[in-house]
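Peer 1: Sharing a structure with you now.
Values quoted throughout were computed directly from the atomic coordinates according to the rules given, and no laboratory measurement underlies them. This one's a predicted model, so the numbers in the text were calculated from it and none came from an experiment. For neighbour counting, all protein chains shown are included, and Cβ atoms are generated from backbone atoms with ideal geometry for every residue, glycine included.
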Amino acid sequence: MTELIGRLHPAIVHLPIGAFVLAFILQYLMPLKSGRQEVVRFILIVSFVFALLSSLFGWVLSWSSDYPQSVVDQHKWPAIVFTIVSGLLIPVQHRATSVEGLRKFYHGLFMVSMLLLVVTGHRGGGLTHGDDYLSMAAFRETEMDKADTNRVKPDIRPSASTPVFVGLVQPVLEEKCVKCHNEKKLKGGLRMDQFDLLMKGGKNGAAVVAGDAANSLMIERVLLDPDDGKHMPPKGKKQLTEQEVALLHWWVAHGASAIDPIKAHVVDDTIKMFTTRGPEKPAAVLLLPEVKAPDSLSLVALVKAGYHVTPVAKGSHLLEISSINMPTLKDEDLMLLKPVAENILWLNLANRNITDKGIAHISACKNLQRLDLRHSKITDASAAQIGGLGSLIYLNMVGTEVSDAGLAQLNGLAGLKSLYCWETRITSTGVQSFTRVNPATKIYLAVN
């Protein structure tokens, strides 16, 4: 309940600001010809009421704040003083109309209140967006360019003695995670700007469990569906690439060491793709296939069953279908996909009890390019069905029972670009055999 009350603070905090500024404008910049003081007094009362509520809700919010108390106090105390001083304005303004000596005091108090409002607003903006939020837009590019030029970049050559954490993992965390997990902004009570603090974890437990990626919250959150509220980085923020996810998983699974050098792991495919990067090739243009509009009754049936169904692009009849809201999904539920099989471009069945029997229902999805089956119940028997999905570009089989024999069933997927298969029965030997036939496929396998 206290968390709900606290979250009302950002919802109403702009009301007292707007009302007080309006009162200031009417008092000094655009005075009314008649009834000015009554209007200004009414607006000041409205501003004070909302300032009082905003301060109360903000105080409650500070109990569970993700920010250090010293930073919160820089915003909280000016806000409290502003509320008190703006409240005093009301009786002083009423008396100043009849007492000559109070007029100067009233105007001085009004100016002090406006100054307090500016300080409070600035501190609040800095608390939410960072201390440099006012200048960021004007100087972001210059400052970032200067920082990149002056920063000493770690040596990540195959022969480097630089630790994997310092040379590869830390730059990823700084770019994608530290903005919300630092000294001044502690989302979930977690700091990721220093190794020791990352390993310490946050309010929800250990972010990193050395050697156990499956039980590390950091890995669990980045693997969630982007539409999941717990997915990290949050939707709308710059997301981790598939290679960066593979790197973080590899690092945690291999002990999350702070000192293990890059040169000790150059034979590992996950490390190799970061140490042997050549010039980037221009991305190929992928044209979406043309399909007929899906049957509306079939779409209604899917939504009614709990599927999340969205078009992949405006004007396209291709669909992205996810079972994120169907924790009890069964094999039989996949039969509903058959009427729209040709329309499915992306399909997410992650973390569901789907077996080999259910995979047979998606074998007609000839345009399917992205399939997520991680932590499902599929085995090698499903691989033959998946191997017939000739349009696949991305396949995630993490945490399944697929083995080298099943991997060999995917040899016909000439367009497959990314294959995730750690925590399976697939071995490095099986991967080597597969890559000889499919050299263009990037396989992400954490080998302990």
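Peer 1: Suppose we keep just the DSSP beta bridges with both residues in the chain; what percent of those would be antiparallel, to 5? Don't skip to the end; give the middle numbers.
Peer 2: Details: 7 of 24 bridges.
The antiparallel proportion sits near 30 percent.
Peer 1: Just the number, please: percent antiparallel of the DSSP beta bridges in region 296-444, rounded to the nearest 5.
Peer 2: Approximately 20 percent, going by the DSSP bridge assignments.
Peer 1: For percent of Cα pairs over 40 Å apart, the listed values are (1) 40; (2) 16; (3) 22; which was obtained by calculation from the structure presented?
Peer 2: (1)
Peer 1: Using the number of other C-beta atoms within 10 angstrom as an exposure proxy, rank Y444, Y28 with the fewest first.
Peer 2: Numbers: Y444 22, Y28 13.
So the residues, fewest neighbours to most, are Y28, Y444.
Peer 1: Taking other Cβ within 10 Å of each residue's Cβ, how do I156, I84 sort, fewest first?
Peer 2: I84, I156
Peer 1: What is the distance, in nm, between label points placed 7 Å from the Cα along the Cα-to-Cβ direction at Q37 and at T310?
Peer 2: 5.7 nm
Peer 1: With a 10 Å radius around each residue's Cβ, average the other Cβ atoms per peptide and rank 302-308, 179-185, 244-250, highest first.
Peer 2: Those peptides, ordered most packed to least, come out 244-250, 179-185, 302-308.
Peer 1: Right, something else. What FRET efficiency would be calculated for the residue pair K238, V81, taking the C-beta separation as r and a Förster radius of 35 Å, to the nearest 0.05?
Peer 2: Values: r = 38 Å, r/R0 = 1.09.
For R0 = 35 Å, the calculated efficiency reads 0.40.
Peer 1: OK, next. Can you tell me how much longer the chain between K263 and L29 gets when fully stretched, taken as 0.36 nm per residue apart minus their C-alpha distance, in nm with one decimal?
Peer 2: Full extension from K263 to L29 adds 77.4 nm.
Peer 1: Moving on. Taking the simple approach of a point 7 Å from Cα along Cα-to-Cβ for both E220 and M111, what is their distance in nm?
Peer 2: Calculated label separation equals 5.8 nm.
Peer 1: Put a dot 7 Å past each Cα toward the Cβ at K230 and L88; how far apart are the dots in nm?
Peer 2: Rounded to a tenth, the inter-label distance reads 4.9 nm.
Peer 1: Just to verify a number: FRET efficiency for S391 and D212, C-beta to C-beta distance, R0 = 25 Å, to 0.05?
Peer 2: 0.10
Peer 1: While we're on this one: Fewest first, what order do F195, F42 take by the number of other Cβ atoms within 10 Å?
Peer 2: If I rank by nearby Cβ atoms, fewest first, I get F42, F195.
Peer 1: Just to verify a number: FRET efficiency for R157 and R436, C-beta to C-beta distance, R0 = 25 Å, to 0.05?
Peer 2: Working from the Cβ atoms, E equals 0.40.
Peer 1: Using alpha-carbon pairs under 8 Å, 6+ residues apart, how would you state the relative contact order of the chain in percent? Can you show the working numbers first?
Peer 2: Values: 700 pairs, mean separation 35.1, N = 448.
Normalised by residue count, the contact order of the chain is 8 percent.
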